[in-house]
Amino acid sequence: MKSFDVAIIGAGIIGASAAFELAGTKLRVVVLDRQQPGLEASWAAAGMLSPAPDSPRDIPLVPLGRESLKLYPNFVAAIEEVSGRSTAYAREGALEIFRAPHGENDRDHRVSQCRRLRIAAEAVSMEAARSWEGEIGPAAHAAAWLPEEGTVEPRLLMDAAVSAARNRGVEFRTNSEVTGLLIDGARCSGVLAGEEKISAGHVIVAAGCFSSRIGRETDLVARYAPTRPVRGQMIALRPNGAHLKRVLRSERGYLVPRGDGRIVAGSTSEEAGYEKRVTPAGVRRILDNALELFPALAGAEIVETWSGLRPGTPDDLPILGPTDIEGLLIATGHYRNGILLSAVTAKLIREWVTTGRATFDTRAFSPLRFAERKSLAQNAR
Ligand SMILES: Cc1cc2nc3c(=O)[nH]c(=O)nc-3n(C[C@H](O)[C@H](O)[C@H](O)COP(=O)(O)OP(=O)(O)OC[C@H]3O[C@@H](n4cnc5c(N)ncnc54)[C@H](O)[C@@H]3O)c2cc1C
């Protein structure tokens, strides 16, 4: 049986960045993926690095998002240096747009909320916003400026992270589906990939929305990681003449500029099972918002459409940390923020594996929160 210090299930951005970080401490790491690396949510993402909450349920996540944003420059610099590849990381900030009739009130409320959460934000006049982004549409009534937000191109980041991890000696096993965990008493001692057993001192579940389906017969992983897919559709546009420098966002969707002039428009949020599909209704919703924000896109070329499955969780928060099975850790459920959270997740995983404790308060994200609820419910029956 082949043996490693750490086996990671899933080569999305979470698995690849954790592998990169762990290999920096000279651990022997294997990452198993049932297909090629980086073809799921991490390939589909827009690439906004935004710790600002989308809903009240996101508020417990803000400190973790802020921490990850702080780590990002060094995180991408290390990946770029070791891989020799660009991630197209940029820190141009984001403009949030509010429509009439309550635009200014909504904007002021948002700015106060961000400041309370220690996220830099300021109200800007529409004149100032239009002097930065000349094509903002007439429906925009008020704007807020979030200067610290950044962007990355997720497909470039993915390629660079895998390549950087490989350069540090990480072994990637592709077309290698993990079908179960090896459990000895109260300890996880490795994984089962088809017929093959791989032994590991630590096993990390990082299989995105598919995490809950690993070893379905025993329900073991789903107890800690009850993930589900939340579909998001996306459209890439090549504008004819118009230019966008910063992320533009409204409550209905967003536009994210790419380095080559394309603009990525998103997204939908759909409970559609594991069905990755681009639908007429989804495309219409995204384009309606895109054209309202930026009417100059009306004559753009649609260069690509796609959809991906966000790893959702019952409380919309990620699932991070050790379980009560020795050697088994979870790093999944990053939902709408896995690209942002990859930097801090990789660091936390390294800390848990190498020292047994994390330097950041992660209690709200513990994998035990679902397992405990489940046993309470069972006892009550
Ligand atoms: C449309 C869309 C837009 C988004 N925009 C943003 C954004 O702007 N900013 C942001 O921060 N986040 C964004 N996200 C969220 C982000 O993409 C995800 O949170 C993140 O990519 C999750 O990464 P992951 O590595 O956990 O999962 P994934 O990227 O889904 O990777 C999981 C991997 O596990 C593998 N796998 C599954 N089951 C098994 C098994 N049994 N054995 C072996 N391998 C297995 C899969 O093949 C896959 O490679 C967006 C997501 C979508 C869909």
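Each value in this text was obtained by applying a stated rule to the coordinates, not by laboratory testing. Because the structure is predicted, anything quoted here is derived from the model rather than measured. Cβ coordinates were reconstructed from backbone atoms using ideal geometry, including for glycine residues, and neighbour counts include every protein chain displayed.
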TODO: Filter the trypsin sites (Lys or Arg not before Pro) in the range 20-84 down to the DSSP loop ones having no more than 12 other Cβ atoms within 10 Å, then list what survives.
DONE: K26
Task: Loop sites in the range 192-232: trypsin sites (Lys or Arg not before Pro), DSSP, at most 15 other Cβ within 10 Å - done: R216
Open item on the list: On a straight-distance basis, which aspartates and glutamates could pair with K245 in a cross-link, Cα separation under 15 angstrom, same-chain partners fewer than 8 positions away excluded?
Closed with: E92, E96, E133, E135, E148, E149, E153, D260
Open item on the list: Under the 0.36 nm per residue contour assumption, what length would be gained going from the current alpha-carbon distance of H141 and I59 to full extension?
Closed with: 26.9 nm
TODO: Mind giving me the FRET efficiency for S3 and R284? R0 is 35 Å, r the Cβ-Cβ distance, nearest 0.05 is fine.
DONE: 0.10
Task: Rounded to whole Hz, the Karplus (6.51, -1.76, 1.60) HN-Hα couplings of the range 90-99, x for glycine and proline - done: 9, 10, 9, x, 9, 9, 9, 10, 10, 8
TODO: Set Lys and Arg Cβ to +1 and Asp and Glu Cβ to -1, take the dipole of the chain about its Cα centre, and tell me which of P257, V6, I79 lies farthest positive.
DONE: V6
Task: Helix 280-293 axis, angle to the chain major axis (alpha carbon atoms, nearest 10°) - done: 50 degrees
- [ ] Quick one: angle between helix 154-167 and the longest Cα principal axis of the chain, in degrees between 0 and 90, rounded to 10, please.
- [x] 30 degrees
Open item on the list: Name the residue from I286, I59, L49 whose Cα lies farthest towards the positive end of the charge dipole of the chain, charges +1 on Cβ of Lys and Arg and -1 on Cβ of Asp and Glu.
Closed with: I59
Open item on the list: Give me the dipole magnitude in Debye, nearest 20, for the chain about the Cα centre, with unit charges on the beta carbon: positive for Lys and Arg, negative for Asp and Glu.
Closed with: 460 debye
Task: Once exposed loop GluC sites (Glu not before Pro) are cut out (DSSP; at most 14 other Cβ, 10 Å), longest piece of the chain - done: 1-194
- [ ] Past 28 Å, Cα to Cα, is the threshold; run K2/K26; K26/K70; K70/K276; K26/K197; K2/K347 against it and keep the listed order.
- [x] K70/K276
TODO: Using +1 at the Cβ of each Lys and Arg and -1 at the Cβ of each Asp and Glu in the range 221-337, identify which of Q233, V303, G273 lies farthest towards the dipole's positive end.
DONE: V303
- [ ] Run the dipole for the range 26-147 about the Cα centre, Lys and Arg Cβ at +1, Asp and Glu Cβ at -1, nothing else charged, and hand back the magnitude in debye, nearest 20.
- [x] 540 debye
Task: Relative contact order [Cα under 8 Å, 6+ residues apart], the chain, whole percent - done: 23 percent
